[in-house]
Structures are given as C-alpha cells and as structure tokens.
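Let me begin by presenting the structure, written as structure tokens, before commenting on it.
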Amino acid sequence: MTAIAESIASAVIRGDASATVQLSQRALEQGLSPHDIFQGALIPAMTTVGEKMQAGEYYIPEVLLAAKAMKGASELLKPLLAQGGTHQPVGRVVLGTVKGDLHDIGKNLVATMMEGAGFEVFDLGTSVPAQRFVLAAQEQGAQIVGLSALLTTTMVNMKEVIRCLDEAGCRAEVKVIVGGAPMTQRFADEIGADGYSSNAAGAAELARKLLDLG
Ligand code: B12
C-alpha cells in the first residue's frame, strides 16, 4: 500500500469521514485512479473493520462510522469512475440486497464498479422482495440481475428470486449473478445462479463475460 492509501485506510478504520474524503481527494491529485483508491485503500479498510467486528474489538457504532466514511469517499469517486465508462450503456443491471438484509456497502460498490464498466444500473436498495426484482427486470429490460446478501439467514432469499423469475417466465432473458461475504461458488451453483464473484471489480468482469462483451 502506498503512504496515501494507508492514510485513507486508517481514516476509514477510525471512522473519520472528513479525513477519508480529503485524503481521497489528495490521492486523486497525486495521480491515483478512483479504482486504485477503492481496491488499494477503501475495500481493504472495510475488510479490516469486519475483522475487528468479528474479533469483538469493534461494535455496531464503530462499524457505522466506518461505513459513513466509506460512503463519503464513494460519493467523491463514483462520478469519476463512471466517466471512464462508455457513453452508450453496454447493458442494464437490476441490483439489490435481498429481503431481510440491510447491508449495502458491498452492493453499492458493485453498482459503482458496474457503472464504471459501462452498465446502466438500477439499484433497488436493501431488503428487496423477490417480486420487486422480477418486476424491475421486466420494466427495465435488464440483461443482468445482481443479488447481494451478507447474512447467512437471507442467502436463501436469492433462491426465491430465481424461482420467481422462473415463474414469471423471464428466467431465460436474464443472467443472475450473486455475491456477498457468506457466498460461495458452490452455493451459487446450488441455487442455479449464472455467476458468482467475491468482489466488486470481479462482478463487473463477470457481467461483461456473461453477456459476451469480452
Ligand atoms: C458493516 C456491517 C454492518 C452494518 C451495515 C451498514 C451498511 N449500510 O451496509 C450494520 C451495523 C448496519 C450491520 C448490521 C447487522 N449485521 Co452486519 N456486518 C457488517 C460488516 C462488519 C461489514 C460488511 C461490509 O460492508 N463489508 C465490506 C464490503 C465491501 O464487503 P461485502 O459486503 O462482502 O461486499 C463485497 C463482496 O462480498 C462482493 N459483493 C457484495 N454484494 C455483491 C453482489 C453481487 C451481485 C456480486 C457479484 C458481488 C457482491 O463485492 C463487494 C465489494 O468487493 C460484516 C462483517 C464481514 N466480515 O462481512 C458484518 C456482518 C455481515 N453482520 C452481521 C450481523 C449478524 C449483523 C446484524 C444481524 C447485527 C445485529 N445483531 O443487529 C445486523 C443485521 C441487519 C440486517 N437485517 O441486515 C454478521 C453476519 C453473520 C451471519 N453469519 O449471517 C457479520 C458477518 C458480522 C459477524 N461476524 O458477526 N452490519
């Protein structure tokens, strides 16, 4: 990690939103790309926050502060990432966190990376009922439906979305991709998803691959 990336990561970890945004701005001025800042500082910082929560060192308030810092930097970087994409969208994506699950940091990163890769993203938010995914996919003529889940108890709701797409007769028109910390390729295969990625940059690559965009 470069010195500036380390400072950004440390600002996220201590939940200092204004320092996170200021340092991200400085990193851009120093020539780092928005992608470098996400991959080299912000995402590793949130991973550390997750580890600290798991170790009982951090509780929900600390995690929320870190999430807020991450969001501040995302708002600065997102428009710049999107500029790197083409003007004509390469495809349409309906994205959301499945019912019962309120985690959205990873999902928002996936949206940002997809937009950066040239997709038009319809973000349905968190705790999205299965039918809403189906309706949105039909209304928007989406080629990709992206599902996020961070709780082991909500992973099963991904299967429900696939079932509803089937029932509505539009399963063949969309590729379903899944992700989130508890997810595995094996689980994705079991529920009949078309693809899985463990990270946001990989999600965009996967979507391009599934649509034969190279
Ligand atoms: C931040 C956080 C919160 C925040 C969420 C804030 C927000 N706006 O999202 C708050 C404090 C609100 C929260 C609440 C809860 N949380 Co919480 N939380 C976390 C934490 C620490 C980090 C998650 C995160 O943002 N990671 C950083 C992002 C960048 O990573 P990510 O989400 O995995 O996303 C990446 C990939 O997975 C992938 N990806 C994600 N989505 C998608 C989608 C697609 C299509 C693709 C291809 C890829 C992809 O790309 C992303 C970027 O690279 C995790 C710990 C962890 N290690 O995951 C616990 C964790 C997920 N939470 C947990 C729990 C238990 C809860 C609560 C039930 C706590 C409580 N008692 O109230 C509630 C649940 C509320 C609810 N109904 O959802 C548990 C889940 C345990 C389990 N086995 O299910 C974890 C694992 C912590 C733990 N070890 O106990 N949480």
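Looking for whichever is on the phi < 0 side of the Ramachandran plot and touching a residue at least 12 places away in the same chain (Cβ under 8 Å) here; the options are LEU151, LEU135. Which one fits? Even if it seems obvious, please write down each step before you answer.
Working: LEU135 fails: touching a residue at least 12 places away in the same chain (Cβ under 8 Å).
Checking each option against the conditions leaves just LEU151.
Screening the candidates GLY72, GLY125 for the property of being part of a loop (DSSP other than H, G, I, E, B) and either open to solvent by less than 50 Å² (accessible area, probe 1.4 Å) or farther than 25 Å from ASN157 by Cβ (or both) yields one hit, GLY125. In segment 139-150, what residues are open to solvent by 40 Å² or more (accessible area, probe 1.4 Å) and either touching a Cys at 6+ places or on another chain (Cβ under 6 Å) or within 11 Å of the ligand (Cβ to nearest atom) (or both)? Of everything in segment 139-150, just one residue is open to solvent by 40 Å² or more (accessible area, probe 1.4 Å) and either touching a Cys at 6+ places or on another chain (Cβ under 6 Å) or within 11 Å of the ligand (Cβ to nearest atom) (or both), namely LEU150.
If we keep just the residues of segment 158-192 that are of a type in the set (Gly, Ala, Ser) and free of Cβ contacts under 8 Å to residues at least 40 places away in the same chain, which is most open to solvent (accessible area, probe 1.4 Å)?
Among them, the one singled out is ALA172.
The set of residues from segment 87-118 being more than 8 Å from the ligand (Cβ to nearest atom), open to solvent by 50 Å² or more (accessible area, probe 1.4 Å) and touching a residue at least 60 places away in the same chain (Cβ under 8 Å) comprises just one member, LYS99.
The values are calculated or read from the model by the stated rules, or taken from the named source; none is laboratory data. Predicted model, so just to flag it, every value in this text is computed and none were measured. Positions of Cβ are generated from backbone atoms using ideal geometry, with glycine treated the same way; all protein chains shown enter the neighbour counts. Side chains included, ligands, DNA and RNA excluded: accessible areas come from the protein's heavy atoms. Shrake-Rupley method; radii C 1.70, N 1.55, O 1.52, S 1.80 Å.
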